[in-house]
Each structure stands twice: as C-alpha cells, then as structure tokens.
C-alpha cells in the first residue's frame with residue numbers, strides 16, 4: 001500500500017505519548033517493548049533493556065547509521081527476520097513479518113524504510129505491549145497496546161486504502 005502524502009502528514013504527529021527517553025525508561029522500562037527505529041533500539045540496548053521486538057533498517061532519518069552502530073546491531077541481532085518495505089509504503093511483507101516476530105519476539109530488519117512500522121505493530125499488538133519509536137528532535141513516543149490503539153491504527157489503514 002502506498003501511503004498518501006495527506007496521511008503521511010498526519011502520521012508525523014505522535015501516535016501516543018511524547019516523552020523524553022529517561023521518562024520512557026522510568027514509566028515502561030520493565031514492560032514488554034516493541035522498539036521501532038535504529039536510534040531507539042540502540043538507546044534501549046545501551047540502557048541494558050532488551051526489547052521483545054526490535055525493528056531497524058540501518059538508517060536514521062534516511063541516512064545510514066555509522067558503521068560502529070551498524071556493527072552493534074548486527075552483533076546483537078545476527079539473524080533477524082528480514083523483509084522489504086519501500087519508502088512511503090506499507091508492504092504486505094512488513095505486515096506478515098510483524099505478525100511472525102510478534103509470536104516469539106526477536107528482531108526485524110527492514111530493507112527500505114521502517115518509518116511506518118510502528119503503525120503496523122500498533123494494529124497487530126496484543127494488549128500489554130508497549131511500542132516505542134523516536135520523534136526526531138522531540139523525544140520518543142510510547143503507545144500502550146490496547147483496543148483503542150488498534151482502532152486508531154485501523155482508522156489510518158482505512159484512510160490509506162482510500163488513497
């Protein structure tokens with residue numbers, strides 16, 4: 001599915017609670033976490049928190065991450081599930097891979113762009129999981145998975161399908 005620009009604009013706003021990283025750790029650090037984005041996954045690892053699901057694409061803000069960070073992710077997750085997801089889209093492969101990794105936990109490396117992965121996980125996550133992703137220059141966004149968050153995600157998917 002190609003995500004229309006109007007929906008991408010809406011998705012630039014936080015889908016959950018915007019907070020600084022330390023507040024996130026204090027509030028949710030002991031919970032089962034789905035971390036979306038290289039910077040967030042790395043920040044959690046450095047805080048000695050291993051997320052239930054880690055989603056990354058070896059880039060931040062559409063620029064490749066430094067080799068040191070790439071090596072750090074590759075060492076921690078030597079055999080991630082891999083799927084393709086072109087920029088500005090939500091590929092069927094991303095949805096299927098998200099379903100798989102949510103069953104057992106682990107890592108998902110996206111070839112392309114992982115920016116819209118939080119929305120996919122928001123739609124699929126069972127209650128009690130926490131999704132976290134970065135909001136550039138503002139902090140992180142925490143989404144408590146529940147019926148309301150799944151409904152919110154489904155509303156976005158309806159808008160995407162309408163184009």
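Tabulated data
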read-out: Single condition residue 81 does not satisfy, out of (1) closer than 23 Å to residue 135 by Cβ; (2) in contact with a helix residue (DSSP H, G or I) (Cβ under 6 Å, 6 or more places away or on another chain); value: (1)
read-out: Exclusive hit being surrounded by fewer than 20 Cβ atoms within 10 Å (Cβ to Cβ) and in contact with a strand residue (DSSP E or B) (Cβ under 6 Å, 6 or more places away or on another chain), set 66, 126, 86; value: 86
read-out: Answer residue from segment 14-58, given it is in contact (Cβ under 8 Å) with a residue 12 or more places away in the chain and on the phi > 0 side of the Ramachandran plot and is farthest from the chain's Cα centre (by Cα) among those; value: 58
read-out: Among residues of segment 1-40, those that are out of contact with any strand residue (DSSP E or B) (no Cβ under 8 Å at 6 or more places or on another chain), part of a loop (DSSP other than H, G, I, E, B) and closer than 27 Å to residue 64 by Cβ, counted; value: 2
read-out: Subset of segment 108-123 [modelled with pLDDT of 95 or more and surrounded by fewer than 21 Cβ atoms within 10 Å (Cβ to Cβ)]; value: 109, 111, 123
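The values are calculated or read from the model by the stated rules, or taken from the named source; none is laboratory data. Please read these numbers as outputs of a predicted model, since none were measured by experiment. Neighbour counts run over all protein chains shown; Cβ positions are idealised from the backbone, glycine included.
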